[in-house]
Every structure is written in structure tokens, then in C-alpha cells.
1. In region 51-102, which residues are polar (S, T, N, Q) and touching a helix residue (DSSP H, G or I) at 6+ places or on another chain (Cβ under 6 Å)?
2. Can you tell me which residues in region 208-238 are more than 9 Å from ligand 2 (Cβ to nearest atom) and of a type in the set (S, T, Y)?
3. In the set K190, K199, K233, which member is more than 23 Å from the chain's Cα centre (by Cα), within 11 Å of ligand 3 (Cβ to nearest atom) and within 19 Å of M1 (Cα to Cα)?
4. Can you list the helices (runs of 4 or more DSSP H) lying wholly within region 142-203 that have 3 or more residues being touching a residue at least 24 places away in the same chain (Cβ under 8 Å) and away from ligand 1 (no atom under 12 Å from the Cβ)?
5. Does H182 satisfy the condition of being in contact with a strand residue (DSSP E or B) (Cβ under 6 Å, 6 or more places away or on another chain) and more than 13 Å from ligand 3 (Cβ to nearest atom)?
6. Let me spell it out: the conditions are (1) surrounded by fewer than 15 Cβ atoms within 10 Å (Cβ to Cβ); (2) over 26 Å from L172 (Cβ atoms), and W86 meets all of them except one. Which number is the exception?
7. Can you pull out the helices (runs of 4 or more DSSP H) entirely within region 1-114 that have at least 1 residues that are hydroxyl-bearing (S, T, Y)?
Amino acid sequence: MKRQRLRKLLLIASLLLFPITLYYFSPALIINAGLKGIINGSFIVFMLMFVLSIPFGRLFCAYICPAGGLQECAFLVNENLPRQGWRNYIKYIIWTIWLLAVTYCYCQYGKIVKIDFLFETENGISVSTIQSYVIYYGIVCLIFIPSVLCGKRVFCHYFCWMAPFMVLGMKLRKFLHLPGIHIKAKEKEKCISCSKCNKGCPMGIDVANEIKNDVIDNSECIQCGACIDSCSKQILSYGISKRKENDNGK
Ligand code: SF4
Ligand code: SF4
Ligand code: SF4
């Protein structure tokens with residue numbers, strides 16, 4: 001439980017910093033930068049997300065992402081799980097179209113002229129003009145309102161343009177047989193099928209079923225540890241594992 005408190009504290013801190021950091025997660029600013037041949041802050045942040053997800057999976061989503069923090073605030077109003085299924089693929093369609101647009105913009109300019117991490121920010125601060133305030137509150141509404149209406153982390157499930165970078169990193173980890181963070185089960189025979197882990201999972205993962213393979217090997221898992229902390233039998237824990245030993249083919 002201490003872990004969940006710490007996790008929520010980190011998410012709230014990140015949310016409070018969102019007016020400063022907003023543009024470093026911007027899918028639009030990277031297009032503007034691409035048209036000028038500039039590597040901007042969000043370009044670097046997205047690349048870091050991809051690279052760091054190889055060892056660390058989606059810990060960013062669970063512990064650092066301000067949009068994750070905003071959605072967890074909405075848990076106070078709506079604790080239902082959004083519908084799963086085909087809707088979870090919407091984010092990959094958004095991501096693919098956007099990535100093609102970004103590639104087109106950089107190709108149009110033809111070369112990289114400079115790296116400017118603070119591109120189009122005021123001394124590194126994203127929300128510094130009336131226009132950027134409007135953008136900020138528009139994005140806050142875009143993330144918060146669907147979570148209130150549809151349930152837990154719906155923006156992460158359906159729409160996030162950053163999640164595919166981390167999913168791709170985790171797939172690469174599996175492909176290259178590299179070690180990385182997973183949620184794993186020890187002494188799974190102690191499981192009493194109470195499903196508390198399933199109820200606690202904000203990403204709608206059938207944890208009780210997944211642990212039959214000793215490890216949660218699901219790209220939607222954000223490694224928040226809520227399942228670990230809801231299991232009274234203390235079967236689940238964080239661990240480092242390799243595909244060779246634990247891959248279940250997902
Ligand atoms: S899926 Fe996207 S919005 Fe959700 S926590 Fe991860 S990066 Fe943030
Ligand atoms: S499976 Fe566990 S660690 Fe993964 S998202 Fe669900 S609750 Fe969090
Ligand atoms: S909470 Fe623990 S005991 Fe209950 S189903 Fe999940 S793993 Fe099994």
C-alpha cells in the first residue's frame with residue numbers, strides 16, 4: 001500500500017508540473033519542428049520513452065506520466081473499467097497516421113539543422129501565453145472528461161500516442177531476448193482465485209489468468225503494482241525476466 005501512495009504522490013507531482021512539461025509530450029510541436037528540420041523536446045522525449053521501455057517497460061505510465069495522474073484523479077468519480085476489445089487498437093491507428101505525418105515533415109525539409117530541446121517554449125515553460133493556456137485546458141479536458149464518462153485510464157486504453165512507443169520497446173525486448181521489468185508470480189499454487197488482482201488492475205488485464213504462465217506478459221500492463229498490493233496471498237512481485245524463460249507468446 002505504501003508503494004501505491006508513493007506512486008500516486010509521484011503522479012500528482014507530475015500533474016502539478018504539467019503546465020511546464022506539456023510541450024515535451026506534444027504530438028503537434030514535433031510536426032512544427034519537423035517542418036523546420038529541428039529535433040525538439042518531444043522528439044527526444046518520445047525516443048527516450050522507446051529506449052527506456054526496453055528495460056523498464058511502462059513504468060513511466062504508472063509512476064511519472066502527468067496524463068496518467070490526471071486520469072487517476074478521475075478514479076474518484078468513476079472507477080469502472082472502460083470496454084475492452086477493438087477500441088484498444090484506436091491508439092495504434094492514431095499513432096501510425098501521426099508518425100507518417102511527422103516523417104513526411106522531416107523529409108520535406110530534407111535535413112536536420114539543429115537540436116533545440118526548448119523549441120517553442122518560453123525559457124523551457126510550456127504554458128506561458130494565453131494561447132498556450134487554451135491549449136493546456138483543452139488537453140486537460142480531452143484526457144479528464146473521457147475518464148469521468150467512460151472509466152479508468154480510458155485515454156491510455158484508446159487514444160494515447162505515446163503508449164505505442166513503449167509497447168514497441170517491450171516487443172523489441174522480447175524479440176532480442178533482453179531482460180526487463182515484469183510482474184511475476186511466485187508460488188502460484190497459493191492462488192485462491194479471489195480475483196482481487198483483476199479488480200485492482202486499471203488496464204483491464206486478467207491477472208489471475210496471466211499468472212498461470214508465471215509472469216504478466218501483456219503489453220497493456222503499465223507495471224503499476226496495484227495487483228501486487230491487492231493480493232492477500234502475496235503471490236505477485238516485481239521481477240526481472242527474460243523472454244527465453246517466460247515468454248507466453250503474447
Ligand atoms: S498510456 Fe499514455 S497517457 Fe497513459 S500513462 Fe502511458 S503515456 Fe501517459
Ligand atoms: S497487471 Fe498489475 S501491474 Fe499490470 S497494469 Fe494491471 S495492476 Fe498494474
Ligand atoms: S489476488 Fe492473489 S490470490 Fe487472488 S486471484 Fe489474484 S493472484 Fe490469486
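The values are calculated or read from the model by the stated rules, or taken from the named source; none is laboratory data. Keep in mind that this is a model prediction, so the values were computed, not measured. We place every Cβ from the backbone using ideal geometry, glycine too, and count neighbours over all the protein chains shown.
1. Scanning region 51-102 gives S53, Q71, N78, N88.
2. S219, S232, S237 - these are the residues of region 208-238 that are more than 9 Å from ligand 2 (Cβ to nearest atom) and of a type in the set (S, T, Y).
3. On the way: K190 fails: within 19 Å of M1 (Cα to Cα); K199 fails: more than 23 Å from the chain's Cα centre (by Cα).
Going through K190, K199, K233 in turn, just one is more than 23 Å from the chain's Cα centre (by Cα), within 11 Å of ligand 3 (Cβ to nearest atom) and within 19 Å of M1 (Cα to Cα): K233.
4. 163-176, 196-200
5. Yes; evaluated as a whole, the condition is true for this residue.
6. (2)
7. 2-16, 18-21, 41-56, 59-63, 90-109
Residue-wise test of (1) within 16 Å of ligand 2 (Cβ to nearest atom); (2) among the β-branched types (V, I, T); (3) at pLDDT below 95; (4) within 19 Å of S53 (Cβ to Cβ).
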| position | (1), (2), (3), (4) |
| --- | --- |
| I143 | no, yes, no, no |
| C150 | no, no, no, no |
| F165 | no, no, no, yes |
| L172 | no, no, no, yes |
| H182 | yes, no, yes, yes |
| C194 | yes, no, no, no |
| N198 | yes, no, no, no |
| D206 | yes, no, no, no |
